[in-house]
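Below is one structure, written out as structure tokens; the observations come after it.
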Amino acid sequence: MIEQDIEQGLIQKLQDLKYTYRPDIRDRAALEQNFRRHFEALNHVQLTDAEFHRLLDSIVTPDVYGASRMLRALNTHQLATLLRTAHHIILHP
């Protein structure tokens, strides 16, 4: 079995679990752009580049569960205030 077969098998298993394969997301920049587009749409906000980078800095962590808890806990107003006023964001679970 070659690497491509393993990769295709993994993709198929994830699709069986109802994940959507996105061939257009091939690198980190595309992943971040996709996240930004969905985040802004779901929260009805338009972030500046600086705000978006602060958001990424605050949630890109090995503790994905902690980051998701933080995002769910903040409402849109709190998040907008946090992003517009914070120079350094310190998260506590």
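Filtered by the rule that a residue be assigned to a helix (DSSP H, G or I), at pLDDT 60 or above and exposed (fewer than 11 other Cβ atoms within 10 Å of the Cβ), segment 74-93 gives a lone residue, Q78. If you take the residues in segment 1-26 that are among the hydrophobic types (A, V, I, L, M, F, W, C) and within 23 Å of the chain's Cα centre (by Cα), which one is nearest to H38 (Cα to Cα)? Residue satisfying both the conditions and the ranking: I25. Checked against (1) within 27 Å of L56 (Cβ to Cβ); (2) part of a helix (DSSP H, G or I), P23 passes all but condition (2).
Answer yes or no: is there a residue in segment 44-61 that is part of a helix (DSSP H, G or I), touching a helix residue (DSSP H, G or I) at 6+ places or on another chain (Cβ under 7 Å) and modelled with pLDDT under 80. Within segment 44-61, one or more residues are part of a helix (DSSP H, G or I), touching a helix residue (DSSP H, G or I) at 6+ places or on another chain (Cβ under 7 Å) and modelled with pLDDT under 80.
Answer with yes or no whether Q33 is in a helix (DSSP H, G or I), of a type outside the set (A, V, I, L, M, F, W, C), open to solvent by 100 Å² or more (accessible area, probe 1.4 Å) and at pLDDT 90 or above. Yes: the conditions hold for Q33. Screening D5 against (1) open to solvent by 90 Å² or more (accessible area, probe 1.4 Å); (2) of a type in the set (D, E); (3) more than 24 Å from R69 (Cα to Cα) leaves a single unmet condition, (1).
The values are calculated or read from the model by the stated rules, or taken from the named source; none is laboratory data. Bear in mind that the values here come from a model prediction, so they are computed numbers and not experimental data. Ideal geometry is used to build each Cβ from the backbone, glycine not excepted, and the neighbour counts take in all protein chains shown. Accessible surface areas use protein heavy atoms only, side chains included; no ligands, DNA or RNA. Shrake-Rupley method; radii C 1.70, N 1.55, O 1.52, S 1.80 Å.
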